[in-house]
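Some notes on the structure that comes next.
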Amino acid sequence: MLKTAESGSPEEWADRTPDAVAVRFGNRSLTYADWNERANRVAEGLANVGFSNGDRIGMRFRLGFMWFVVQRACQKLGVVQVTVNYRLTAEEALYILKDSGAKGLACDDDDPEAWLGLDIGVLLTEGAQPSRDWLRFEDLLADNRLVTRFGPARPQMVIYTSGTTGNPKGVPPADPPASLKEQQRLDSYLRSIARRPQRPEGRRVVMLSLPVHHGAGPLAATVATETGGTTVLLSPFDAEEALRLIEEHKVNMWTAVPTMLQRIRSLPEETLSKYDVSSMRTLVTGAAPVGSDLASWAVQHFGPVLWETYGLSEANMIGAVSPEDKIKKPGSSAKIHDGVQVSIIDSDWKELPCGEIGEIAVNTPLVLNNYIGKPPLDTETLRDGFYRTGDVGYLDEDGYLFITDRMKDMIIAGGVNIYPAEIEKVLAAHDGVLSCAVIGIPHEEFGEQPLAFVVIAEGASVTEEELRVFVEDRLARYKHPRQYEFVAGLPLNPTGKVLKNKLREKYWIGHERNI
């Protein structure tokens with residue numbers, strides 16, 4: 001474990017600027033000194049119940065002070081954080097905890113009794129009545145002695161994603177470089193990511209409106225802490241409140257999904273003009289395609305500060321385009337980071353020439369070799385260090401990447417990934433459903449929304465309302481189909497696979513991207 005404060009860590013700023021505000025949420029604030037002291041006490045409490053370096057703990061949090069303290073305590077102990085979406089049902093969350101080997105769960109659930117009877121190990125919660133069934137965050141702060149500990153600036157996280165099977169899969173922290181050459185490549189890569197998107201000079205004030213079960217949320221907080229800056233929390237997201245916070249706290253960096261920008265754009269002109277957003281220096285967006293109209297509006301309203309990023313959990317960040325790039329290369333999705341290689345391939349892994357459209361395969365210093373508890377990826381997915389992304393696009397002669405389509409079935413709604421196989425598995429369990437298929441269809445605000453095609457079993461009678469009730473307790477609400485279409489049959493290829501491209505066709509006519 002570290003014996004001194006790492007540069008850019010909360011411990012450094014707790015020593016140098018103890019009274020500086022690290023986190024703001026509403027009318028409350030957390031200084032660096034308070035943050036560090038609370039994290040030391042919680043780390044001691046977790047150590048006392050058996051957590052140590054290399055262990056894993058589930059982290060299920062909404063935005064708030066408790067997440068900042070607990071994740072820092074984990075850093076001090078070397079405990080790896082397993083991200084758990086707070087909107088998942090208990091059954092969905094339990095699968096992740098078991099699959100990852102987590103020794104417990106830290107959460108800010110309103111009702112921790114929902115976890116009783118489930119084998120989750122240690123449960124740490126806040127605001128609950130005293131009980132032998134869980135640890136209370138408040139008690140760890142009050143009862144544990146202050147032991148000084150240090151941790152790396154960046155958190156160690158296991159992020160869960162899903163594939164065609166519908167089962168969540170854990171992406172583990174990357175293994176350390178095995179050679180000097182690999183270390184040099186990684187260092188060059190990380191420096192490139194730090195430059196693109198360009199981060200504001202001096203003390204950063206970063207608005208955080210993204211959930212912390214994605215990599216982007218914790219990264220935004222880390223970017224603020226690097227300079228001893230302030231993270232301003234916005235939860236739940238409100239378009240006008242975002243503008244108000246930017247003006248009040250002079251926010252100079254914000255990472256937003258396109259849906260958030262669309263909601264701000266939809267505000268009345270008199271509301272938009274009320275707030276001064278001239279402090280903004282960097283506006284980052286990603287997780288879903290940014291339409292040219294929305295990008296143009298964002299530049300007009302916030303200034304030439306818009307960066308679009310491209311990456312994926314299995315390979316980390318691949319590239320980013322700056323405001324200048326967008327002018328120079330309209331429609332481009334990424335200028336590739338140092339240390340990254342991109343190849344456009346056909347179905348047989350044959351590399352295609354410049355300008356030709358094919359599947360995007362990437363080789364970064366952080367490409368995973370296998371998911372947690374799973375065998376190494378097969379050669380259809382990973383070959384010679386290149387990972388098939390499932391996205392379709394092309395490289396131009398200057399090395400800019402253009403994403404034109406997506407091969408995988410994943411739906412992106414408001415920047416959140418939704419996996420049709422999960423929904424299909426639940427619907428197929430209904431006695432009256434013979435078969436089903438879920439696709440993403442265009443939605444003006446969220447980009448996409450799930451539509452379920454359902455074939456009813458012979459002799460059965462199933463209504464849309466019945467299916468809505470059926471999925472209610474089996475899927476997190478954001479995964480629920482927004483529309484149902486009852487059909488006599490699904491289009492199939494000769495091997496029996498559903499031709500989802502046929503199902504999508506009529507919905508995507510005339511749209512900028514056929515996703």
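Odds and ends about this structure:
- Karplus-based coupling profile of segment 279-284, in residue order and whole Hz: 6, 5, 10, 9, 10, 9, with θ = phi - 60° in 6.51 cos²θ - 1.76 cosθ + 1.60 and x standing for Gly or Pro.
- Each part gets one Cα centre, and for segment 271-347 versus segment 199-259 those centres are 16 Å apart.
- Label-point gap, in nm, between T17 and A460 - each point 7 angstrom along Cα→Cβ: 6.0
- Cα-based shape type of segment 145-211, given that a ≥ b ≥ c are square roots of the gyration tensor eigenvalues and the cut on a/c is 1.5: rounded
- Each of the GluC sites (Glu not before Pro) that DSSP puts in a loop and that has at most 14 other Cβ atoms within 10 Å breaks the chain; the longest unbroken stretch is 1-200.
- Rounded accessible area per residue of the chain, 1.4 Å, Å²: 46
- For segment 101-148, the calculated P(r) over all alpha carbon pairs, in 5 Å bins from 0 to the bin holding the longest distance, is 5, 20, 32, 21, 14, 6, 2, 0 percent.
- The stretch between S313 and A428 holds 38.6 nm of extra length on full extension. This uses 0.36 nm per residue minus the Cα-Cα distance.
- Listed pairs K103/K181; K76/K98; K250/K329 exceeding 27 Å between Cα atoms: K103/K181; K250/K329
- Cα shape, segment 428-471, gyration tensor, a/c 1.5 rule: prolate
- Accessible surface of the chain, 1.4 Å probe, proportion on carbon and sulfur as whole %: 49
- Answer label for Rg and Dmax of the Cα atoms in Å (calculated), chosen among [x] 24.3, 80; [y] 25.1, 84; [z] 23.3, 73: [z]
- Whole-number Å³ per residue for the convex hull built on Cα positions in segment 92-221: 206
- Ordered from longest to shortest, the equivalent ellipsoid semi-axes for segment 41-99 are 20, 14, 8 Å, each the square root of 5 times a Cα gyration tensor eigenvalue.
- Estimated purely from DSSP H runs of n ≥ 4, each contributing -39500 (n - 2.57), the mean residue ellipticity at 222 nm for the chain is -8500 deg cm²/dmol once divided by its residues.
- Cα gyration tensor shape of segment 156-281, rounded if a/c is under 1.5, else prolate or oblate by comparing a/b with b/c: oblate
- Pairs of Cα atoms farther than 25 Å apart, segment 362-471, %: 44
- Candidate cross-link partners of K502 among the lysines, defined by an alpha-carbon separation under 25 Å and a same-chain spacing of 8 or more, comprise K408, K425, K479.
- If you wrap the Cα atoms of segment 19-75 in a convex hull and average its projected area over all directions, you get 4.1 nm².
- Positive-end residue of A216, I318, G54, charge dipole of the chain with Cβ unit charges: G54
- Cleavage-rule hits, trypsin sites (Lys or Arg not before Pro), segment 1-34, DSSP coil, Cβ neighbours within 10 Å at most 14: K3
The values are calculated or read from the model by the stated rules, or taken from the named source; none is laboratory data. Quick caveat: nothing in here was measured; it's all calculated off a predicted structure. Backbone-built Cβ (ideal geometry, glycine too); neighbour counts: all protein chains shown. When the accessible area is computed, the model is the full protein with side chains, heavy atoms only, and any ligands, DNA or RNA have been set aside. Shrake-Rupley method; radii C 1.70, N 1.55, O 1.52, S 1.80 Å.
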